[in-house]
1. Could you list, in sequence order, the residues of region 62-76 that are over 14 Å from residue 127 (Cα atoms), touching a residue at least 12 places away in the same chain (Cβ under 8 Å) and outside any helix (DSSP H, G or I)?
2. Restricting to region 94-115, and then to whatever is part of a helix (DSSP H, G or I) and hydrophobic (A, V, I, L, M, F, W, C), can you tell me which residue is farthest from residue 141 (Cα to Cα)?
3. Looking at region 62-78 only, could you name the residues that are modelled with pLDDT under 95, hydrophobic (A, V, I, L, M, F, W, C) and in contact with an Asp or Glu (Cβ under 7 Å, 6 or more places away or on another chain)?
4. Would you confirm, using the coordinates I've provided, whether residue 59 is of a type in the set (A, V, I, L, M, F, W, C), assigned to a strand (DSSP E or B) and at pLDDT 95 or above?
5. For the condition assigned to a helix (DSSP H, G or I), over 25 Å from residue 143 (Cβ atoms), modelled with pLDDT of 65 or more and not β-branched (Val, Ile, Thr), what is the one hit in 91, 85?
6. Could you please find all residues in region 77-113 being charged (D, E, K, R) and without any contact (Cβ under 8 Å) to a residue 60 or more places away in the chain?
7. Out of (1) within 13 Å of the chain's Cα centre (by Cα); (2) surrounded by 18 or more Cβ atoms within 10 Å (Cβ to Cβ), the odd one out for residue 152 is which?
8. Under the condition of being in contact with a strand residue (DSSP E or B) (Cβ under 8 Å, 6 or more places away or on another chain) and basic (Lys, Arg), which residue from region 88-116 is farthest from residue 61 (Cα to Cα)?
Amino acid sequence: MKKLGTYLLYGGALFFAIALVYISVSPGKKTGSSNANTGVQESSSKEVEAEKTKPAEKIQIFIFHATQRCVTCVNIGKYAQKTVEQKFPEELKSGKIEFREINIDLSENKELATKFKASGSALFINPIIDGRDNIKEDTQVWRLTSNEQTFSSYLSDKLNSML
């Protein structure tokens, strides 16, 4: 009887894992729609093209985090700040690029966290074009934290495409 329970447990876990993989790679995903779970808008190809052709008036790079931070969260902040300071010193000095690390646990940051829909550790980039926010969470940075040079190249290329 114990073996049956074990098999059912493993079978259920396997089913759940397969379902997650299917959902994440499902070809029926639409672009240009709002993601109900995160509230962060996905870009359609037309929106992306418009962003690429029209330079941002200002770019906000905000790292949201809690008071307690893991090594990866700390590294994202450190790598992003170093990249911005080393590769965009003039833009940073002039205010064209704004970089901030924001603790979402502090009451004075609640309004900003709500505006960006940040609920935990995240890097958001907001290219302001024609006075309008274009807030997007960049989840790719989480995959790049094992190599600072790759992280820096990725972020600087992304920012250069917005300037």
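The values are calculated or read from the model by the stated rules, or taken from the named source; none is laboratory data. Because the structure is predicted, anything quoted here is derived from the model rather than measured. With ideal geometry, Cβ positions are generated from the backbone for all residues, glycine too; neighbour counts draw on all protein chains shown.
1. Taking region 62-76 and keeping what is over 14 Å from residue 127 (Cα atoms), we get 63-76.
Still in the list and also touching a residue at least 12 places away in the same chain (Cβ under 8 Å): 63-67, 69-70, 72-73, 75-76.
Result: 63, 64, 65, 66, 67, 69, 70.
2. So in region 94-115, the residues part of a helix (DSSP H, G or I) come out as 94, 107-115.
If we keep only those that are hydrophobic (A, V, I, L, M, F, W, C) as well, we get 112-113.
Working: 112: 21, 113: 19 Å.
Across region 94-115, the extreme among qualifying residues is 112.
3. Residue satisfying the conditions is 66 alone.
4. On the way: of a type in the set (A, V, I, L, M, F, W, C): yes; assigned to a strand (DSSP E or B): yes; at pLDDT 95 or above: yes.
Yes, satisfied.
5. Numbers: 85 fails: over 25 Å from residue 143 (Cβ atoms).
So the residue among 91, 85 that is assigned to a helix (DSSP H, G or I), over 25 Å from residue 143 (Cβ atoms), modelled with pLDDT of 65 or more and not β-branched (Val, Ile, Thr) is 91.
6. If we filter region 77-113 for residues that are charged (D, E, K, R), which is where we start, we get 78, 82, 85, 87, 90-91, 93, 96, 98, 100-101, 105, 108, 110-111.
The answer is 78, 85, 90, 93, 98, 100, 101, 105, 108, 110, 111.
7. Unmet condition: (1).
8. Here is the first cut: in region 88-116, the residues in contact with a strand residue (DSSP E or B) (Cβ under 8 Å, 6 or more places away or on another chain) are 88, 91-92, 95-104, 109, 112-113, 116.
Now narrow it down to the ones that are basic (Lys, Arg): 96, 100.
On the way: 96: 11, 100: 6 Å.
Checking each candidate, the answer is 96.
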